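Asks: Once you've had a glance at the structure underneath, I'll fire off some questions.
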Amino acid sequence: MSEAYLNYEVYLDYNASAPLDPRVAEAMAAILTDTGNASSAHRFGRRQSATVDEAREHVAALVGGRASGVVFTAGATEANNLALTGAVLAAPADRPRILISAVEHASVRQTARWLDEQGLAKLDVIPVTGGGFVAPAAVESMMGDDVLLVSVMAANSETGVLNPVGEIAEPVRAAGALFHCDATQMAGRLPFDLDRWGCDLVSVSSHKICGPGGVGALVGARRSLARLRAVIHGGGHEHGLRSGSLNVAGIAGFGEAARIAIAERQSESVRVAARRDRLAGEIKDRIAGAQENGDVARRLPNTANIGFEGADAEAVVARMDPVAASTGSACSSGAIEPSEVLLAMGIDREAAFEAVRFSLGRFTTERDIEVAVESTVTAVEYVRAMTGYGDRRRPGADEGRPSDLNRDRPGEANEGRPDAPG
Ligand code: PMP
């Protein structure tokens, strides 16, 4: 890579967190300097609650819902926890089962596992195809009138692969169960229609759509929200489901980010997809053994998940600096584990360790793509050279993982990472 690139930063990790849009920052600044609690009856409070109400409209529109069905939370993690735990706490005894897909985000997966471990629900996992999506027939075959809730995400954060949400919801609703959809990665990027697709509960997050971090929402039809119990107790805010004084500036920022996303998502998705395709195309042309994971015909416009045979992804990503991309590996108790998403798709452990996720967005430029391609080619060649790829394709387990390259480089790659990003 040419020296000219070294001071040029490229951010291709939008699925972990997208940059704040300056227009959103401007909208928030005006609120941050205002005073009052949105629950107070005086004029200061009323001004704050009017700001929240406006944001409610935009956030509801993001997923085709109604403002009256928006429960603001501190992010999609909390929205997912509320959907699953809230439903289980309110469940009738004859509906003990919950179903989640095998590729859900940790905030759905771990909540569901915890509910099962606590004996509060009985968890079953819906398999995915090799392409990384849930087949409606798989859901249908697992349904029964003992199922309380089914949770299947709209788009996967690691592969970008989209699920046929409307078709999946059909058998769920027919069985009288709640259908929850984590739309964190899809909302704002592609149109989402809660009503038409038959979703009961939908989770969204502000920082994936160029809004501020730490704010999200669970959006539902009112009759669906009535089937939940609160998880956070207190003053009874947000339909009694999420007590706590509202984060008005954050909510205003989320509302503005939603408004912009709805207005611009069509043109943005075309522009971003063209850049993503250029990135993936040039990488595959220049790097032998580079392969995309997931069904490329049905995915978000901004995501490419590319495996580099014989090159450990953590080592590649560390070497790609100043280009930011990520791996789906998780760090638990000091040991690096491969992405559960890729394993669920039938990808073997070795290949799962070689996958890099590139996720683009609103501010990604053609020059970013040029720098990212050069940087990726250089990094993969370096890692392969260090680990003798070419002399021996696919090293055996006893030869040590190429990620050992990182062990002597404190501060890089995996330090202090609690779980998979984004
Ligand atoms: N669901 C999905 C699919 C996600 O990608 C993320 C973000 N990493 C979350 C939930 C959690 O969102 P938040 O960061 O707002 O808690």
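Asks: Report those strands (runs of 3 or more DSSP E) wholly inside the stretch 190-298 carrying at least 2 residues which are touching a residue at least 40 places away in the same chain (Cβ under 8 Å).
Replies: Here the list reads 201-205, 216-220.
Asks: Turning to a different aspect of this structure: Can you confirm whether V88 is closer than 30 Å to E292 by Cα and either within 16 Å of the ligand (Cβ to nearest atom) or buried (at least 16 other Cβ atoms within 10 Å of the Cβ) (or both)?
Replies: Working: closer than 30 Å to E292 by Cα: no; either within 16 Å of the ligand (Cβ to nearest atom) or buried (at least 16 other Cβ atoms within 10 Å of the Cβ) (or both): yes.
No: the conditions fail for V88.
Asks: Which of the residues spanning the stretch 157-191 are of a type in the set (G, A, S) and closer than 17 Å to A106 by Cβ? Steps first, answer last, please.
Replies: Pass one, the stretch 157-191, residues of a type in the set (G, A, S): 157, 160, 166, 169, 174-177, 183, 187-188.
Result: S157, A183.
Asks: Considering each of G75, G45 in turn, give the residue that is open to solvent by less than 20 Å² (accessible area, probe 1.4 Å), at pLDDT below 95 and more than 30 Å from E366 (Cβ to Cβ). It would help to see each step written out before you state the result.
Replies: Details: G75 fails: at pLDDT below 95.
Matching residue, one of G75, G45: G45.
Asks: Given the conditions (1) within 15 Å of the ligand (Cβ to nearest atom); (2) crowded, with 24+ Cβ neighbours inside 10 Å, and given that A252 satisfies all but one, which numbered condition is not satisfied?
Replies: A252 satisfies every listed condition except (1).
Asks: When the stretch 126-141 is examined, which residues are found to be within 16 Å of the ligand (Cβ to nearest atom), open to solvent by less than 20 Å² (accessible area, probe 1.4 Å) and in contact with a Pro (Cβ under 9 Å, 6 or more places away or on another chain)?
Replies: Scanning the stretch 126-141 gives a single hit, V134.
Asks: Say we look at the stretch 276-289 and pick out the residues that are open to solvent by less than 50 Å² (accessible area, probe 1.4 Å) and at negative phi; which of these is farthest from the chain's Cα centre (by Cα)? So that I can check it myself, show each step before the final result.
Replies: Kept after step one, since they are open to solvent by less than 50 Å² (accessible area, probe 1.4 Å), are these residues of the stretch 276-289: 276, 279-281, 283, 287, 289.
Those left that are additionally at negative phi: 276, 279-281, 283, 287.
Values: R276: 18, L279: 21, A280: 20, G281: 24, I283: 24, I287: 28 Å.
Selected residue: I287.
Conditions tested, residue by residue: (1) farther than 24 Å from A297 by Cα; (2) without any contact (Cβ under 8 Å) to a residue 60 or more places away in the chain.
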residue	(1), (2)
A93	yes, yes
A102	no, no
H105	no, no
V108	yes, no
G119	yes, yes
P127	no, no
A138	no, yes
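Asks: Could you give every pair whose Cβ atoms fall below 7 Å, whose first residue belongs to the stretch 163-177 and is within 13 Å of D195 (Cα to Cα), and whose second residue is of a type in the set (A, V, I, L, M), counting only separations of at least 6 or pairs across chains?
Replies: These pairs meet every condition: V165/A154.
Asks: Sticking with this structure for a sec: E54 versus (1) within 16 Å of the ligand (Cβ to nearest atom); (2) surrounded by fewer than 23 Cβ atoms within 10 Å (Cβ to Cβ): which is the lone unmet condition?
Replies: Condition (1) is where E54 drops out.
Asks: Just to verify a result, which residue in the stretch 149-164, among those that are under 15 Å from I126 (Cβ atoms) and either at pLDDT below 95 or open to solvent by 10 Å² or more (accessible area, probe 1.4 Å) (or both), is farthest from the ligand (Cβ to nearest atom)?
Replies: Step one: filter the stretch 149-164 for residues under 15 Å from I126 (Cβ atoms), giving 149-154, 156, 161, 163-164.
Imposing the further condition that a residue be either at pLDDT below 95 or open to solvent by 10 Å² or more (accessible area, probe 1.4 Å) (or both) reduces the set to 163-164.
Details: N163: 11, P164: 17 Å.
Checking each candidate, the answer is P164.
Asks: Quick one: count up the residues across the stretch 111-124 that are open to solvent by 80 Å² or more (accessible area, probe 1.4 Å) and either among the hydrophobic types (A, V, I, L, M, F, W, C) or not in a loop (DSSP other than H, G, I, E, B) (or both).
Replies: Here is the first cut: in the stretch 111-124, the residues open to solvent by 80 Å² or more (accessible area, probe 1.4 Å) are 113-114, 117-118, 120, 122.
Those still in the list that are either among the hydrophobic types (A, V, I, L, M, F, W, C) or not in a loop (DSSP other than H, G, I, E, B) (or both) too: 113-114, 117, 120, 122.
Looking only at that region, the number is 5.
Asks: How about the stretch 173-188: which of its residues are more than 11 Å from S151 (Cβ to Cβ), away from the ligand (no atom under 11 Å from the Cβ) and open to solvent by less than 10 Å² (accessible area, probe 1.4 Å)? First the steps, then the outcome.
Replies: Within the stretch 173-188, the first condition is being more than 11 Å from S151 (Cβ to Cβ), and the residues that meet it are 173-176, 183-188.
Keeping just the survivors that are away from the ligand (no atom under 11 Å from the Cβ) gives 173-176, 188.
G188, the sole residue that qualifies.
Asks: Are any residues in the stretch 91-121 within 12 Å of the ligand (Cβ to nearest atom) and not hydrophobic (A, V, I, L, M, F, W, C), and if so, which ones?
Replies: Residues satisfying the conditions are S101, E104, H105, S107, R109, Q110, T111.
Asks: Sticking with this one: For G144, indicate whether it is modelled with pLDDT of 95 or more, assigned to a helix (DSSP H, G or I) and away from the ligand (no atom under 16 Å from the Cβ). Talk me through it step by step, then tell me what you get.
Replies: On the way: modelled with pLDDT of 95 or more: yes; assigned to a helix (DSSP H, G or I): no; away from the ligand (no atom under 16 Å from the Cβ): yes.
When the stated conditions are applied, G144 does not pass them.
Asks: Next up: Looking at T378, is it within 24 Å of A18 (Cα to Cα), surrounded by fewer than 23 Cβ atoms within 10 Å (Cβ to Cβ) and among the hydroxyl-bearing types (S, T, Y)? Lay out the reasoning, then the answer.
Replies: Details: within 24 Å of A18 (Cα to Cα): no; surrounded by fewer than 23 Cβ atoms within 10 Å (Cβ to Cβ): yes; among the hydroxyl-bearing types (S, T, Y): yes.
No: the conditions fail for T378.
Asks: Can you tell me how many residues within the stretch 190-236 are away from the ligand (no atom under 11 Å from the Cβ) and either under 23 Å from R259 (Cβ atoms) or open to solvent by 50 Å² or more (accessible area, probe 1.4 Å) (or both)? Step through it out loud before you land on a result.
Replies: Quick first cut of the stretch 190-236, residues away from the ligand (no atom under 11 Å from the Cβ) only: 190-202, 210, 218-236.
Subset that is either under 23 Å from R259 (Cβ atoms) or open to solvent by 50 Å² or more (accessible area, probe 1.4 Å) (or both): 190-197, 199, 201-202, 210, 218-223, 226-227, 229, 231-235.
The qualifying residues number 26.
Asks: Could you please find all residues in the stretch 18-35 being crowded, with 16+ Cβ neighbours inside 10 Å and either under 30 Å from R196 (Cβ atoms) or without any contact (Cβ under 8 Å) to a residue 24 or more places away in the chain (or both)?
Replies: Those that are crowded, with 16+ Cβ neighbours inside 10 Å and either under 30 Å from R196 (Cβ atoms) or without any contact (Cβ under 8 Å) to a residue 24 or more places away in the chain (or both): A18, D21, V24, A27.
Asks: Residues being touching an Asp or Glu at 6+ places or on another chain (Cβ under 6 Å) and not polar (S, T, N, Q): count how many of those fall in the stretch 180-219. Please lay out each step first, then the result.
Replies: First pass over the stretch 180-219, keeping only residues touching an Asp or Glu at 6+ places or on another chain (Cβ under 6 Å): 203, 210.
Those still in the list that are not polar (S, T, N, Q) too: 210.
Residues flagged as touching an Asp or Glu at 6+ places or on another chain (Cβ under 6 Å) and not polar (S, T, N, Q) within the stretch 180-219 amount to 1.
Asks: Is it the case, given these coordinates, that D13 is of a type in the set (D, E, K, R), open to solvent by less than 40 Å² (accessible area, probe 1.4 Å) and within 16 Å of the ligand (Cβ to nearest atom)?
Replies: Numbers: of a type in the set (D, E, K, R): yes; open to solvent by less than 40 Å² (accessible area, probe 1.4 Å): yes; within 16 Å of the ligand (Cβ to nearest atom): yes.
Answer is yes for this residue.
The values are calculated or read from the model by the stated rules, or taken from the named source; none is laboratory data. Keep in mind the model is a prediction, meaning the values are calculated, not measured. Note that we place each Cβ from the backbone using ideal geometry, even for glycine, and neighbour counts take in every protein chain shown. Note: accessible area is taken over every heavy atom of the protein model, side chains too, but ligands, DNA and RNA are not part of it. Shrake-Rupley method; radii C 1.70, N 1.55, O 1.52, S 1.80 Å.
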